[in-house]
Amino acid sequence: MNEPVMPKKRGRPVAFDYDTALEKAMHAFWQHGYEGTSMATLMTAMDMNKASIYAAYGSKEALFQKALDAYVQGPAGFIATSLQEPTAAQVIHALLTQAANMLAEGSHAAGCLVTKGALACSAEAAHMQTLLSGYRNTTEAKLAQRFERARAEGDLSADADAVALARLVMTLHQGMTVQAVSGVTQAELLAMVKMASELITAYVGTTQQAHT
């Protein structure tokens, strides 16, 4: 008597690594921008089909927002840690130095995902530009708050403009992004950071001395 043939059990599917796939999407958006990154590019980068991407992350817009959060917490996480430096001058130096190292680092796309994306959005993607500008404005506001604290602690003069100083730092950061994308090296960016830090520190020192 023949033994009954039991149906073969299907093997367990390979585990899906949500964070790894999201990181690959982040790098695709970093390289090409929101509008320049097609679903075909994302499918290739993430090694997933369109249905799987939508099921795991939602729409392309939702995926971009998640990738943006991953970028802010990952490659751009130095901005938050820079705010913990003990003086305003050290905050500025740390932020710009680490930005120079990251923006022109060869293992990923040059420049800043946030800045590049905000500059490249068309009218049809104005809502994404608003999203990206919101990230930048939040960073600028946190810098201004840190400089306000420095002023209260006597690290900056009583009449120092914390908002203008924060805007200056962010403008330098944005300019460094543009230069990195155009091929400026880490060494060249760091030389600019050294000069900028010295000028800002000299200004801060001058305003402090004028009120002592």
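The values are calculated or read from the model by the stated rules, or taken from the named source; none is laboratory data. From a predicted model like this one, the values you see are computed outputs, not experimental measurements. Every residue, glycine among them, receives a Cβ derived from its backbone with ideal geometry; neighbour counts consider all protein chains shown. Please note that ligands, DNA and RNA were not included when accessible areas were found on the heavy atoms of the full protein model with its side chains. Shrake-Rupley method; radii C 1.70, N 1.55, O 1.52, S 1.80 Å.
Odds and ends about this structure:
- With all protein chains kept in place, the per residue accessible area of the chain amounts to 56 square angstrom at a probe of 1.4 angstrom.
- Ordering of 102-112, 20-30 by burial proxy (mean other Cβ atoms within 10 Å per residue, highest first): 20-30, 102-112
- Unit charges on C-beta of K, R, D, E only; dipole of the chain, Debye: 680
- For the chain, the fraction of C-alpha pairs farther apart than 33 angstrom is 30 percent.
- Here the sum of -39500 (n - 2.57) over DSSP H runs of 4 or more residues, divided by the residues of the chain, equals -23000 deg cm²/dmol at 222 nm, to the nearest 500.
- Rounded to 10°, Cα long-axis angle of helix 60-73 versus longest principal axis of the chain: 50
- C-alpha long axis of helix 186-210 to longest principal axis of the chain, angle in °: 40
- Within the accessible area of the chain, the carbon and sulfur atoms contribute 57%, probe 1.4 Å, all protein chains present.
- Taking only the C-alpha atoms of the range 69-180, the Rg (one decimal) and the largest Cα-Cα distance, Dmax (whole number), read 14.6, 47 Å.
- Per-selection Kirkwood Rh - the range 37-131 (Cα, Å, 1 d.p.): 15.3
- Within the shell of other residues whose beta carbon sits under 14 angstrom from the beta carbon of residue 41, the net charge comes to +1, with Lys and Arg scored +1 and Asp and Glu -1.
- Here, the range 45-94 has an Rg and a Dmax of 16.7, 50 Å when only alpha carbons are counted.
- Tilt relative to the chain, helix 88-103 - C-alpha long axis, 0 to 90 degrees, to 10: 40
- Protection proxy ranking, highest mean first, for peptides 151-164, 84-97: 84-97, 151-164, where packing is the per-residue count of other beta-carbon atoms within 10 Å, averaged.
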